[in-house]
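Structure first, then comments.
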Amino acid sequence: MRNFLNINALDRGDVLKLVQRALALKAGATPKQAPFTVANLFFENSTRTHTSFQMAENKLGYHQIVLDPQTSSMSKGESLADTLKTLKAIGIDVAVVRHAINDWYVPVLEAAGHPIPQLVNAGDGSGQHPSQSLLDLVTIYEQFGHFDGLHIRIVGDLLHSRVARSNAEILHQLGANVTFSGPDSWLPDDFQQFGHFVAIDEDWDKQDVVMFLRVQHERITQTENLSFSARQYHEQFGLNQTRYARLKATAIVMHPAPVNRDVEIADDLVEAPKSRIFEQMTNGVYARMAILEYTMETEHAAD
């Protein structure tokens, strides 16, 4: 069996298989149901990721153990590694974990001793968000049937977004032409290996996908929050009617949500015809079903 921690650690073939499996499940393919037991450990607030994992688990026939990390023995000082060892000892097969610490799974996997459940990373700090990345790939592939040569613009708070980091790398690997826009102070230097930073309106009418990112007020500094102007940000980096009208007819608009309406995207464009924001959420259930199937398969069965 396998962990699912960073989508960029998979080879291209496995990524495409996961995308295609998610779309097959969406089209009505029979899930690979098995009597696995799962625990969802969310150390950060979540609506879409948490509930869509729960729905995916329900559709797969998994048994769910309800565990609130805030009321678990971790509040008494127990380490995450020991909590996971405990869960495995009592019969948990897979743990879906979201944590505020980047790469939370590294010390867990390095901890010697008793086995732990299979791990699915539901988001680690500002590091990776592999299940969101997969559902974004599913949404793009559903629209275009490929990634090679697509022009994809990612706009917004790139520095603090685990979605941006996961997507930038995997889309580059899959052959997309990725570019980035946003406030200069939120442009990570290491993103240059995945694509160029450009003015938001540069080659706007050539983009196939425009992906907007939430301004992460909980991660930016107090000074940045105090000086932040929603109106000014929307004018500079948001999707307004002018920018929407300039998109080509086949282009799609994406956002990992929650959307700050009239900040990243104008309120009346969140559900516009080119928007796939709520379709992304639907696809998230099937993407997470595919992830759980992949995680709980034996290597032999996967081959």
Those residues of segment 159-176 whose amide nitrogen sits under 11 Å from the label point placed on ARG219, 7 Å along Cα→Cβ: 159-166
Could you name the lysines whose alpha carbon sits less than 24 Å from that of LYS17, not counting residues in the same chain fewer than 8 places away? LYS26, LYS32, LYS59
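For the chain, what is the percent of antiparallel DSSP beta bridges, rounded to the nearest 5?
Details: 1 of 33 bridges.
Approximately 5 percent, going by the DSSP bridge assignments.
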Sulfur and carbon atoms: percent of accessible area, the chain [1.4 Å]: 50
For a quick check: with amide H placed at 1.01 Å from N, whose amide H comes under 5 Å from ASN177's, ignoring anything fewer than 5 positions away on the same chain? GLY149, LEU150, HIS151, ILE152
Within segment 112-144, the residues whose backbone N lies under 17 Å from a label point placed 7 Å from the Cα of SER79 along the Cα-to-Cβ direction are 112-117
Run the quick spin-label model on ARG48 and ALA24: label points 7 Å from Cα toward the beta carbon, then report their separation in nm to one decimal. 2.6
If each of GLN173 and HIS114 carries a label point 7 Å out from its Cα toward its Cβ, how far apart are those two points in nm? 3.3
List every residue whose amide H lies under 5 Å from the amide H of LEU239, counting only residues 5 or more places away in sequence or on a different chain, with H placed 1.01 Å from N in the peptide plane. ILE265, ALA266
Run the reach check for LYS274 against aspartates and glutamates, Cα to Cα strictly under 12 Å, same-chain hits fewer than 8 apart removed. What comes back? ASP208
Selection from SER126, LEU174, GLN193 lying farthest towards where the dipole of segment 118-205 points positive, charges on Cβ: SER126
Per residue, how much accessible surface does segment 132-252 expose to a 1.4 Å probe? Answer in Å², no decimals. 41
Evaluated over segment 90-237, the Cα radius of gyration and Dmax, each in Å: 17.5, 56
Using the alpha-carbon atoms, what tilt in degrees (0 to 90, nearest 10) does helix 12-26 show relative to the longest principal axis of the chain? 90
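Rounded to the nearest 20 Debye, what is the dipole magnitude of segment 166-261 about its Cα centre when Lys and Arg each give +1 and Asp and Glu each give -1 at the C-beta? Present the calculation step by step, with values, prior to reporting the outcome.
Values: 8 positive and 12 negative charges, 92 e Å.
In total the dipole reaches around 440 debye.
Count charges around LEU10 for me, please; just the other residues with Cβ under 11 Å from its Cβ, Lys/Arg as +1, Asp/Glu as -1.
Numbers: positive: ARG2, ARG12, LYS17; negative: ASP11, ASP14.
Taking every other residue near LEU10 into account, the sum is +1.
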Need one number: nm distance between label points at SER72 and LEU16, each 7 Å from Cα along Cα→Cβ, rounded to one decimal. 3.7
Can you tell me the dipole magnitude for the chain around its Cα centre, using point charges on the Cβ only (Lys, Arg +1; Asp, Glu -1), in Debye to the nearest 20? 640
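The values are calculated or read from the model by the stated rules, or taken from the named source; none is laboratory data. Predicted model, so just to flag it, every value in this text is computed and none were measured. Heads up, the Cβs are rebuilt from the backbone with ideal geometry, glycines too, and the neighbour counts pull from every protein chain shown. Areas reflect the complete protein model, heavy atoms only, side chains present, ligands, DNA and RNA absent. Shrake-Rupley method; radii C 1.70, N 1.55, O 1.52, S 1.80 Å.
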